[in-house]
Amino acid sequence: MKLYGFFRSSAAFRARIALNLKGLDYEYVPVDLLKGEASKPEYRDGLNPQGLVPTLEVDGLLIAQSLAICDYLDEIKPQPPLMPHDAAGCARVRSLALFVACDIHPLNNVRVLEYLTNQIGVSKDQRLAWYHHWIHEGFVALEKSLSRSPATGKFCHGDTPTLADVCLVPQVYNAYRYKVDMTPYPTLRRINETCLALPAFDKARPENQPDAVP
């Protein structure tokens, strides 16, 4: 297995967590987004037409999109599972994961932030305000969803990590990086700390990747 990623990419962070939780060995291939390496023809034409990370390569099979990678890993190595075994549990975990992956993360993706700065001409302060606004919009609802549900345990769903935690931790990491006030979100902070105490999550942190820079 080869995982093409960038140390600061939230989506690549998810894939690393999933691979680690499954105990799968993989070769990490850095793709420097800051230098535009994902936009070069050799990457777009040969690996990922979107010019995004992560991309998982397995025996010639190329899988883009972090949630698709997680689904694939759950299929080829069912234990430990990233999804519950009951239909209601699966729906809840998938809902929480999509909450982050579809509604929070895309609005704060690097290419969106760069477009705001380079094409629309917003200031650094306006760009940061945009980031904080959409994080808070998402986290307020996510905190309510988790804190009010009896299905929430040590982790987002029960007492073992699921796909919901795989998506949550990178988003919380970025929130801290952009100095978002996390005080209003005690449940998110507690779950994040519980996850990062596990080797699979800790090893996947951006600063622990070979391409990490200050």
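The values are calculated or read from the model by the stated rules, or taken from the named source; none is laboratory data. Everything quoted here is computed from the prediction, not taken from an experiment. For neighbour counting, all protein chains shown are included, and Cβ atoms are generated from backbone atoms with ideal geometry for every residue, glycine included.
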Could you check how many residues of segment 17-57 are crowded, with 24+ Cβ neighbours inside 10 Å, of a type outside the set (V, I, T) and touching a Gly at 6+ places or on another chain (Cβ under 7 Å)? 1
Among the listed residues L34, L56, L52, L98, identify the single one that is closer than 23 Å to V213 by Cβ and modelled with pLDDT of 95 or more. L52
Subset of segment 72-97, residues in a helix (DSSP H, G or I) and out of contact with any Leu (no Cβ under 8 Å at 6 or more places or on another chain), comes to E75, I76, A87, A88, G89, C90, A91, R92, S95
When segment 98-147 is examined, which residues are found to be outside any helix (DSSP H, G or I) and either closer than 16 Å to R177 by Cβ or in contact (Cβ under 8 Å) with a residue 12 or more places away in the chain (or both)? N109
Scan segment 85-132 residue by residue and report those that are under 13 Å from the mean Cα position of the chain (by Cα) and among the acidic types (D, E). D103
Which residues, counting only those in segment 171-194, are closer than 14 Å to G153 by Cβ and surrounded by 19 or more Cβ atoms within 10 Å (Cβ to Cβ)? I191
Quick check on L128: is it at pLDDT below 95, in the same structural domain as R94 (by TED's automatic domain parsing) and surrounded by 15 or more Cβ atoms within 10 Å (Cβ to Cβ)? no
Out of the helices (runs of 4 or more DSSP H) lying entirely within segment 151-214, which hold 2 or more residues that are farther than 26 Å from W134 by Cβ? 199-203
